[in-house]
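The values are calculated or read from the model by the stated rules, or taken from the named source; none is laboratory data. Just so you know, these numbers come straight off a predicted model, no measurement behind them. Every residue, glycine as well, gets a Cβ built from its backbone with ideal geometry; the counts of neighbours run over all protein chains shown. These accessible areas exclude ligands, DNA and RNA; they are computed on the full protein's heavy atoms, side chains included. Shrake-Rupley method; radii C 1.70, N 1.55, O 1.52, S 1.80 Å.
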Amino acid sequence: MLTVIEDKEWLQELQEKFLEKLKSQTDEVRYPVLGHQGGSWKDEAHYSIKNDIWFCGFEAENRYWNGFGRGEPIDGLNANITCEINFPFEGINRRIAGAFAQDDFGNIFILHRGKIGGGRRGIGKSLFQEQYRGKFEDAVDGDRITEFALIGDIESDNLIQQIASFVREVHRIKEDEIDFDTSTFSFSEEFFGRKTISGRESTIANCNHGIIVNRLAEILEESGFLVGKDRNRDLFTYRGKQIQNIFEIKPDCSNSSLYSAIGQLVIYGINTSANLFMVLPTGLEEPIKEKLKSINIELIEFEWIDGMPEFYEIEKIKK
């Protein structure tokens, strides 16, 4: 299980590593004007052209402040801050949304408590938890267990994409008009027991989950689909109050991922006429593909190209 890191010296080292890792994966340095409730100032921002995000980090009064924004920052002009991933100097501070956590194998992950603000009315933690397309992980948080949004793996060569996915998600949740009521798409939870704890490989792989979901959602929206998600379904398309297609997305082809995806699709498909899709990396054996077809689950495969997933046989998805 993940454990939130509290040690002062370790947190300082991780903040420094976090910034250096991100700087090494960005392209340009700009000097825009940044601002929040505390005022505005001109500062150094590092920009990733490919991911179209920038970041700025420094020590604030009681936290390591890390601001992120979308779009190209321009020297001397205002750059809007989309979200912050801040960390306390030491200990547990639940007013600060970001956290570093270590798993049982020594891997370090970046987490977020889901406290976001700004944008349209009603923005807050509950909406974030309902709409976030990434994965959540439980972590030992001082004297309690807390559910966090999983942002990324600090050692990943894909860290900037993981951060970019989170930033785009916060922007989407803040700014998009959600024109459907997810309570319409309800299902019984009586089939579910306790949540299982992810192992080492699963947690690392899950850091890329949001990237996969967001890219698939973009493709579907570009094709004219109405796309939604809720707390229990990675992604679905709908028309009016009717779900058309349900997608369960897994970052690997392990047995546990397959069993989990099959179970989730079967349960979430109860009392609907929706088409069921499992989304997996390429490489699944043909006999397993045939078994999936026999239980009315279609397969959409993808592979990683230049840090982004490319999907195959998207034409299977019908309106």
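Using a 1.4 angstrom probe on the protein heavy atoms only, line up Y312, Y259 by accessible area, largest first. Write down the numbers at each step before the final one.
Details: Y312 70, Y259 160 Å².
Output order, biggest surface exposure first: Y259, Y312.
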Report summary line: Percent of all alpha-carbon pairs of the stretch 40-180 at distances over 26 Å, whole number, is 24 percent
Query raised in the report: In degrees from 0 to 90, rounded to the nearest 10, what is the angle of the helix 255-268 Cα long axis to the longest principal axis of the chain?
Result: 70 degrees
Report summary line: Taking Cα atoms only, helix 209-222 is inclined relative to the longest principal axis of the chain by an angle, in degrees rounded to 10, of 70 degrees
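If D138, D157, D75 are ordered by their accessible area, calculated over protein heavy atoms with a 1.4 Å probe, which sequence runs from highest to lowest?
Values: D138 50, D157 135, D75 90 Å².
The ranking, largest first, comes out as D157, D75, D138.
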Query - Largest to smallest accessible area among K135, K50 [probe 1.4 Å] - result: K50, K135
Query raised in the report: Which is farthest toward the positive dipole end of the chain among H209, F247, V33, measuring Cα position about the Cα centre, with Cβ charges +1 (Lys, Arg) and -1 (Asp, Glu)?
Result: F247
**Report entry** Solvent-accessible area per residue for the chain (1.4 angstrom probe, square angstrom)
**Finding:** 49 Å²
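In cubic angstrom, how much convex hull volume per residue do the alpha carbon atoms of the chain span?
Values: hull volume 44.9 nm³, N = 319.
Expressed per residue, the convex hull around the Cα atoms of the chain is 141 Å³.
Give me the net charge for the shell around W10: Cβ to Cβ below 14 angstrom, other residues only, Lys and Arg +1, Asp and Glu -1.
Local net charge: -4.
On the protein heavy atoms, probe 1.4 angstrom, tell me the percent of accessible surface of the chain carried by carbon and sulfur.
Values: 6940 of 15550 Å².
Percent of accessible area from carbon and sulfur atoms in the chain: 45.
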Report summary line: Computed for the chain: size of charge dipole around the Cα centre, +1 on C-beta of each Lys and Arg, -1 on C-beta of each Asp and Glu, debye to nearest 20, value 1140 debye
Query raised in the report: Going by alpha carbons, how many degrees (0 to 90, nearest 10) lie between the helix axis of 8-24 and the longest principal axis of the chain?
Result: 70 degrees
